[in-house]
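Structure record follows, encoded as C-alpha cells.
The values are calculated or read from the model by the stated rules, or taken from the named source; none is laboratory data. It should be emphasised that the depicted structure is a prediction, and the values quoted were computed from it without experimental measurement. Methodologically, a virtual Cβ is constructed for each residue, glycine included, from the backbone with ideal geometry; neighbour enumeration extends over all protein chains shown. With ligands, DNA and RNA removed, areas are computed over all heavy atoms of the protein, side chains included. Shrake-Rupley method; radii C 1.70, N 1.55, O 1.52, S 1.80 Å.
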Amino acid sequence: MEKCSSIAAYFMEEVAPGALQKKPLRLNDLPFTIKDLEESGCFAYKVDMSGDWEKAVEKYSEDVGMKNRDVVKINPVTMPNFDEKLAIFFEEHLHTDPEVRFIMEGSGYFDIRDVQDRWVRIPVAKGDLLFLPAGIYHRFTTDEKDSIVAMRFFKDAPRWEAHNRSKQETEEMVERKEYVKGIKAN
Ligand SMILES: CSCCC(=O)/C(O)=C/O
Ligand SMILES: [Fe+2]
C-alpha cells in the first residue's frame, strides 16, 4: 500500500468538548508535514477504492500484525447513545495496540499529540487508512456532517479499550514508555 506523500494535517485550537469540537479549529498556518507525522510514529495511506481495496487493506493489517477487525458506524441515527460514545472517543486516550483505522464512508478528525505534545488535527475521509502507534495520545471526533464508517483492526478479538490520559497511570504504562523512547530515538 502506498504511503501518502502529503497530508492535510494542522495544529489545532483547544476547545471544550461539545459542538465546537466538530469544527475544523485550525490554529495557525504552521506546516505539519508527512515527515512530522512519521516522526510521531504515525503513517497515512490512501487506498484505491476503485480496485480490490479489501485485499489491500487485509494485506496491510496482516503485515502490521492486526488480523482481527470490526466495522463501526458512527452517526446519530443508527448508533445508540451517539453523544455519549462520541464524548468517549473525544477524551484524550491511548491504546495498548496500534490504532489502525480504514475509512469506508464519511469523514471525521483524528487528533494526535505531536512530539512536542501539541494537538494536531488530521482530517480523514473515504479511502484513508491511518496507523497510530500504541502509546500515542490521541482522540477522535466526527466533523459537522456527523457520519463516518470505519474498519478498526485489533491484534486479538475486536474489543475497544482505551486508557484516558492521566499524569501517573498512563505515563507508567509499558506501551507509553516504549512510544516515548521510540520518538526520542528519532
Ligand atoms: C473512527 S474509529 C472510532 C474511534 C476509535 O475507535 C478510536 O479509538 C478513536 O481514537
Ligand atoms: Fe483511539
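Tell me, please, whether a residue that is more than 13 Å from ligand 2 (Cβ to nearest atom), part of a loop (DSSP other than H, G, I, E, B) and open to solvent by less than 10 Å² (accessible area, probe 1.4 Å) can be found in segment 169-178. Steps first, please.
Initially, segment 169-178 is screened for residues more than 13 Å from ligand 2 (Cβ to nearest atom), giving 169, 171-174, 176-178.
Checking the rest, the ones that are also part of a loop (DSSP other than H, G, I, E, B) come to 169, 171-173.
Filter once more, so that each one left must be open to solvent by less than 10 Å² (accessible area, probe 1.4 Å): none.
Looking through segment 169-178, none of the residues is more than 13 Å from ligand 2 (Cβ to nearest atom), part of a loop (DSSP other than H, G, I, E, B) and open to solvent by less than 10 Å² (accessible area, probe 1.4 Å).
Just one of the numbered conditions (1) under 14 Å from the mean Cα position of the chain (by Cα); (2) open to solvent by less than 50 Å² (accessible area, probe 1.4 Å) is not true of Trp160; which one?
Going through the list (1) under 14 Å from the mean Cα position of the chain (by Cα); (2) open to solvent by less than 50 Å² (accessible area, probe 1.4 Å), Trp160 breaks only (2).
Output the residues belonging to segment 99-119 that are within 12 Å of ligand 1 (Cβ to nearest atom), open to solvent by less than 20 Å² (accessible area, probe 1.4 Å) and either of a type in the set (A, V, I, L, M, F, W, C) or not in a strand (DSSP E or B) (or both).
Val100, Phe102, Ile103, Phe110, Ile112
Quick check, is Tyr60 of a type in the set (Phe, Trp, Tyr) and either part of a strand (DSSP E or B) or without any contact (Cβ under 8 Å) to a residue 24 or more places away in the chain (or both)? Break it down stepwise before answering.
Details: of a type in the set (Phe, Trp, Tyr): yes; either part of a strand (DSSP E or B) or without any contact (Cβ under 8 Å) to a residue 24 or more places away in the chain (or both): no.
No, not satisfied.
Out of the residues in segment 51-70 meeting the condition of being of a type in the set (Lys, Arg) and closer than 17 Å to Phe131 by Cβ, tell me which one is modelled with the lowest pLDDT. Let's see the steps before the verdict.
Going residue by residue through segment 51-70, those that are of a type in the set (Lys, Arg) are 55, 59, 67, 69.
Subsequent filtering for residues that are closer than 17 Å to Phe131 by Cβ retains 59, 67, 69.
On the way: Lys59: 95, Lys67: 89, Arg69: 95.
Among them, the one singled out is Lys67.
Within segment 71-123, can you find the residues that are more than 16 Å from ligand 2 (Cβ to nearest atom), under 28 Å from Lys184 (Cα atoms) and basic (Lys, Arg)?
Arg118
Can you confirm whether segment 71-88 contains a residue that is within 16 Å of ligand 1 (Cβ to nearest atom), modelled with pLDDT of 95 or more, over 30 Å from Glu171 (Cα atoms) and basic (Lys, Arg)?
Within segment 71-88, one or more residues are within 16 Å of ligand 1 (Cβ to nearest atom), modelled with pLDDT of 95 or more, over 30 Å from Glu171 (Cα atoms) and basic (Lys, Arg).
Any residue at all in segment 49-64 that's of a type in the set (A, V, I, L, M) and open to solvent by less than 10 Å² (accessible area, probe 1.4 Å)? Before you say what the answer is, go through the steps one by one.
Residues of segment 49-64 of a type in the set (A, V, I, L, M): 49, 56-57, 64.
If we keep only those that are open to solvent by less than 10 Å² (accessible area, probe 1.4 Å) too, we end up with 57.
Yes; the residues of segment 49-64 include at least one that is of a type in the set (A, V, I, L, M) and open to solvent by less than 10 Å² (accessible area, probe 1.4 Å).
Sort out which residues of segment 75-95 are out of contact with any helix residue (DSSP H, G or I) (no Cβ under 7 Å at 6 or more places or on another chain), touching a residue at least 60 places away in the same chain (Cβ under 8 Å) and either assigned to a strand (DSSP E or B) or surrounded by fewer than 12 Cβ atoms within 10 Å (Cβ to Cβ) (or both), and write them in order of number.
The one that is out of contact with any helix residue (DSSP H, G or I) (no Cβ under 7 Å at 6 or more places or on another chain), touching a residue at least 60 places away in the same chain (Cβ under 8 Å) and either assigned to a strand (DSSP E or B) or surrounded by fewer than 12 Cβ atoms within 10 Å (Cβ to Cβ) (or both): His93.
Report, by residue number, each residue of segment 127-149 that is within 12 Å of ligand 2 (Cβ to nearest atom), crowded, with 21+ Cβ neighbours inside 10 Å and over 17 Å from Lys59 (Cα atoms).
Result: Leu132, Pro133, Gly135, Ile136, His138, Arg139, Phe140, Thr141.
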